[in-house]
Amino acid sequence: MTRVIERTSAGQSAASAWKKKLSLRPVVPFGMLVILVAITAIIQPSFFTAASVNVLIEGSALIAILALGQMFVLLVGGIDLSSAAVGTFTAVLFAKVVEPLGPSSVVVVLVAATVIGGVNGWLVAYLQIPSFIVTLGSLAFWQAAALILSDATTLSVFGAGYDLVGWITGQKIGPFTPSVWLTVVLALVSWLMLRYTKLGQSLIAVGLNERAALLAGLQTRWMKILAFALSGLFSGFAGLTVVSGSFSAGPGQIDALLLPAIAAAIIGGCSLTGGIANPLNVLIGSLVLVVLRMVPTAIGLDARSQQIIYGVTVIAAVVATIDRSKIPILK
Amino acid sequence: MTEYALQLNDVTKRFGAVTALESVSLSVKPNEVVGIIGENGAGKSTLLKVLAGIYQPDSGEIVIGGKKQKVNGPRHAGKLGIGVVHQEQSLVPSITVTENLNLGFEGNVGRWGLYRWSKLRAETRSFLSRVSSTVDPDARTDSLSFAERQMVEIAKSLKAVAGAPGSPVIVLDEPTSVLERDDIAVLQKEVEALREIGSVIFVSHRLDEVLDFCDRVYVMRGGQVVAERETEGVAEEELYRLMVGRDASGLHYMEDQQLEPQDEAVLQVTGLTSPGAFEGVNLTVHAGEVAAIVGTNASGREEVARAIFGLHGYTAGEIKIKGEVLKPGNPRTAISRGVGYVPAERKVEGIIAGMSIGQNLAMIFSRAIAFGPFQSPRRRRELSNAWIDRLHIRPADPNADIGALSGGNQQKVAFARWMVEPDVRVLILDHPTRGLDPGAQQDIYAHIREACESGVAVLVLGDTLQECIGLAHKVLVMRDGMVTALFDAPRTHKPTPLDLIKEMV
């Protein structure tokens, strides 16, 4: 009789293993992208020229960098509302310090951005304030700081100072500018870290079950600080990229990218409750988002209704992407 | 009128190719307490779900009060006179007892859509008094103890069957699995009270309790009823054999493998005090020794165990590991000094659901799979396969999500995590076999013995007194935060549960 029990349970586990292998969840973001592109191609075949695809991919780099930073915070179960504002502040800071400091200014602003993120993380981890509140405050703080530092004007960056960052969106390597390659490298490094290092596994563990992670001897607070610090660092990269693209830095410059970047991370399969994130899918999520933003224009929709289409499709994209079985209660 | 309150005739339930219940027949007389025992996976839960109308049987019939019935769902089951108290408590914590009792009965709470609180309170009090509970109907549910909440659950099931025509049948699913000894005595009184009102079906895998509580017992194995026994005069060993399908061999806790401890005192606790939790606790565990702490819910034994692992603070006293003082307050420090802890709340504190068996195994001592700064998937697979083999973890797939495993297999992983490197000197096991079936329990016991053999000092807060006595070299009794007695429990001269209980209450 025990023999029968063993057989049935083995059968069940084999079945669930099959189901797991067949699960399409990881490729949903990609499928989403394919469907969107297909729909656009049918409505407006002339849209997808090599040149426009190139523009699309170039245009996704900035959102992708912010979304990757956001991903780390989502991974530990938080949210970073300050990431775009910190990016803007970094850009302004760079414009200010590049003259006096020269080449080291790049390092200085990246360190500053990382520290800003780390402080957010410290407030969340040690003072146990919800990340939504901490970063909401931080958002306002760094927006105002950028405004004061720039004296509410757009600062031009040129000459030797500009050359320090100009390469990011400058001479193409193969089909793309270095900004795209930088984004891909950041995603690949993040992917390797999450999958193959103790640090990455610890971040995931904290996101999935903080209590159990603590009891397994992981430094759960430091993991949270690290996640926010990485978000800060990535905001710094975004800030430098924007200076490179626009020859200038000014208040509010990339603040509007906050919500698109969060949406891109979610469409890329990040769980809002933590523990689930794939950097490569976040890249795809960013592409989906850029397509969503550009396509209504491309197919000639009325400008006034574009935001409606955008809003509806973002929700639809998230519905199709996220794994609701892992979320017991939606808030 | 019929002789039986409830009869199942040849009930069969299949899920695809799996037969969960095969021609199960059983009968319950009015005012009878009937036990159903079986290992995890024996079909007990399926049977209960059929009774509650959550599953419909593929064939066979359910006869309630002499009439063949089709049970459409839990509410309908209640109307027919069958109330099921599930293992996992289903009360909403943040509302009062009265509100919980009326959840799902909103149609009858008052007039014109208004709640009639005084009437509802009185009614709640009367249901509670039928199980001789004095819980305040206005108490917030989360202010009650586990045992008190269980009484409320039983009262709720009584309310569900209140309108039924015949003699009601209350089904208790594993009611004792998380209760302490003195609460179990209370439960036994409640069951006796229920017997006056109707019948009770008592589902458990704890044989001693089934024998204590029940008049008659059905043994299930592999989806079938394999035996029916009057509890009068039946031996626990016989039931065990019927349930597991092999001999208990009388060495349930592997006492024959209980070796003499070594001389080295690995864990020394002196004068440990935390006001309100424990006071002046002294205890020493030697290499290769198992020390058990027994005590009731409020005895403070859990807090002492957690204090050693850095999860509970203390104001006085000290903890020494191999003669060196351990700084308080941080599990990480404790782990670095070789202290391991398998928590009672496995799903909340022990495992990380969403990660694989392999990832969970390597979570604490990741250098076992380190490859430079990276973790080697190949080493992780090898490590996992080795432990899957050693502990018979199922499914035998290192990549399986640990959240999808059965409790027993999860516990094996939670345990093995500490053993992947030979660094652990002290292992604290908080209810290591809670909710496990006898087969999985055996695997855990075997492993505790193995750990001892390699010189680990083990501190066990056992699930039952028998378990503590059977496993341990010595048993400490705690009451109200203090150690009240210490019993030596060598292989040949084990104290009896009665000896311990005298010191506990």
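The values are calculated or read from the model by the stated rules, or taken from the named source; none is laboratory data. Computed from a prediction, not measured in an experiment: that's the story for all the values here. Don't worry about glycine lacking a Cβ; one is built from the backbone with ideal geometry, like all the others, and counts go over all protein chains shown. Only protein heavy atoms, including side chains, enter the accessible area calculation; ligands, DNA and RNA are left aside. Shrake-Rupley method; radii C 1.70, N 1.55, O 1.52, S 1.80 Å.
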(request) For residues that are at the interface with chain B (Cβ under 8 Å from one of its Cβ atoms) and surrounded by fewer than 24 Cβ atoms within 10 Å (Cβ to Cβ), tally how many sit in the stretch A:218-233. (result) 1
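On the given criteria, is A:Gly268 in contact (Cβ under 8 Å) with a residue 40 or more places away in the chain, surrounded by 22 or more Cβ atoms within 10 Å (Cβ to Cβ) and farther than 25 Å from A:Thr220 by Cβ? Step through it out loud before you land on a result.
Working: in contact (Cβ under 8 Å) with a residue 40 or more places away in the chain: yes; surrounded by 22 or more Cβ atoms within 10 Å (Cβ to Cβ): yes; farther than 25 Å from A:Thr220 by Cβ: no.
Answer is no for this residue.
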(request) Taking the residues in the stretch B:185-198 that are touching a Phe, Trp or Tyr at 6+ places or on another chain (Cβ under 9 Å) and open to solvent by less than 10 Å² (accessible area, probe 1.4 Å) as candidates, determine which candidate is farthest from B:Thr296 (Cα to Cα). (result) B:Val191
(request) Give the stretch B:458-505 a look and list any residue that's at pLDDT 85 or above, more than 16 Å from B:Val285 (Cβ to Cβ), among the acidic types (Asp, Glu) and open to solvent by 10 Å² or more (accessible area, probe 1.4 Å), or say none. (result) B:Asp480
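In this structure, is B:Leu500 assigned to a strand (DSSP E or B) and in contact (Cβ under 8 Å) with a residue 60 or more places away in the chain? Before you say what the answer is, go through the steps one by one.
Numbers: assigned to a strand (DSSP E or B): no; in contact (Cβ under 8 Å) with a residue 60 or more places away in the chain: yes.
Taking the combined requirement at face value, the residue does not satisfy it.
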(message) When you scan the stretch B:247-260, do you find a residue that is in a strand (DSSP E or B) and under 21 Å from the mean Cα position of the chain (by Cα), even just one?
(response) no
(message) Taking the conditions exactly as written (of a type in the set (Asp, Glu), without any contact (Cβ under 8 Å) to a residue 40 or more places away in the chain and away from every other protein chain (no Cβ under 14 Å)), does B:Glu255 satisfy them or not?
(response) no
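Which residues, counting only those in the stretch B:417-439, are away from every other protein chain (no Cβ under 13 Å) and either open to solvent by less than 10 Å² (accessible area, probe 1.4 Å) or under 14 Å from B:Ile351 (Cα atoms) (or both)?
The initial filter retains those residues of the stretch B:417-439 that are away from every other protein chain (no Cβ under 13 Å), namely B:419, B:422, B:425-427, B:429, B:431-436.
Hits for the stretch B:417-439 are B:Val426, B:Leu427, B:Leu429, B:His431, B:Pro432, B:Thr433, B:Leu436.
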(request) Just give me the residues in the stretch B:359-368 being more than 8 Å from chain A (Cβ to nearest Cβ), assigned to a helix (DSSP H, G or I) and surrounded by fewer than 23 Cβ atoms within 10 Å (Cβ to Cβ), in sequence order. (result) B:Arg367, B:Ala368
(request) Kindly indicate whether any position in the stretch B:173-190 is closer than 22 Å to B:Ile82 by Cβ, in a strand (DSSP E or B) and in contact with a helix residue (DSSP H, G or I) (Cβ under 6 Å, 6 or more places away or on another chain). (result) yes
(request) Would you mind stating whether B:Asp443 is of a type in the set (D, E, K, R), under 23 Å from the mean Cα position of the chain (by Cα) and not assigned by TED's automatic domain parsing to the domain that holds B:Glu264? (result) yes
(request) Report yes if some residue within the stretch A:251-258 is away from chain B (no Cβ under 14 Å) and open to solvent by 50 Å² or more (accessible area, probe 1.4 Å); otherwise report no. (result) yes
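Would you confirm whether or not the stretch B:316-331 contains a residue that is open to solvent by less than 10 Å² (accessible area, probe 1.4 Å) and within 8 Å of another protein chain (Cβ to nearest Cβ)? Before you say what the answer is, go through the steps one by one.
First pass over the stretch B:316-331, keeping only residues open to solvent by less than 10 Å² (accessible area, probe 1.4 Å): B:319, B:321, B:326, B:331.
Now narrow it down to the ones that are within 8 Å of another protein chain (Cβ to nearest Cβ): B:331.
So far as the stretch B:316-331 goes, yes, one or more of its residues are open to solvent by less than 10 Å² (accessible area, probe 1.4 Å) and within 8 Å of another protein chain (Cβ to nearest Cβ).
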(message) Which condition from (1) modelled with pLDDT of 95 or more; (2) open to solvent by less than 70 Å² (accessible area, probe 1.4 Å) is the one that A:Trp181 breaks?
(response) (2)
(message) Within the stretch B:333-350, does at least one residue satisfy the condition of being within 10 Å of chain A (Cβ to nearest Cβ), free of Cβ contacts under 8 Å to residues at least 60 places away in the same chain, surrounded by fewer than 20 Cβ atoms within 10 Å (Cβ to Cβ) and of a type outside the set (Ser, Thr, Tyr)?
(response) yes
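Kindly indicate which of A:Leu93, A:Leu186, A:Leu110, A:Leu149 is within 30 Å of B:Ala368 (Cα to Cα), more than 14 Å from every other protein chain (Cβ to nearest Cβ), open to solvent by 20 Å² or more (accessible area, probe 1.4 Å) and at pLDDT 95 or above. Let's see the steps before the verdict.
Numbers: A:Leu93 fails: within 30 Å of B:Ala368 (Cα to Cα); A:Leu110 fails: within 30 Å of B:Ala368 (Cα to Cα); A:Leu149 fails: within 30 Å of B:Ala368 (Cα to Cα).
Sole residue among the options that is within 30 Å of B:Ala368 (Cα to Cα), more than 14 Å from every other protein chain (Cβ to nearest Cβ), open to solvent by 20 Å² or more (accessible area, probe 1.4 Å) and at pLDDT 95 or above: A:Leu186.
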(message) Could you check the stretch B:296-337 and list, in sequence order, the residues that are among the hydrophobic types (A, V, I, L, M, F, W, C) and part of a loop (DSSP other than H, G, I, E, B)?
(response) B:Phe309, B:Leu311, B:Leu326
(request) Being within 9 Å of chain A (Cβ to nearest Cβ) and touching a Lys or Arg at 6+ places or on another chain (Cβ under 7 Å) is the filter here, so list the residues in the stretch B:370-393 that pass it. (result) B:Phe371, B:Gln375
(message) Please go through the stretch B:94-114 and give me each residue that is at pLDDT 75 or above and farther than 20 Å from B:Glu148 by Cβ, ordered by number.
(response) B:Gly104, B:Phe105, B:Leu114
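May I ask you to list the residues in the stretch B:399-408 that are surrounded by fewer than 23 Cβ atoms within 10 Å (Cβ to Cβ) and either more than 10 Å from every other protein chain (Cβ to nearest Cβ) or more than 22 Å from the chain's Cα centre (by Cα) (or both)? Outline the logic, then answer.
Taking the stretch B:399-408 first, the residues surrounded by fewer than 23 Cβ atoms within 10 Å (Cβ to Cβ) are B:399-401, B:403-407.
If the condition is that a residue be surrounded by fewer than 23 Cβ atoms within 10 Å (Cβ to Cβ) and either more than 10 Å from every other protein chain (Cβ to nearest Cβ) or more than 22 Å from the chain's Cα centre (by Cα) (or both), then B:Asn399, B:Ala400, B:Asp401, B:Gly407 are the ones that fit.
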(request) For the stretch B:383-397, enumerate the residues that are at pLDDT 90 or above and open to solvent by 100 Å² or more (accessible area, probe 1.4 Å). (result) B:Asp389
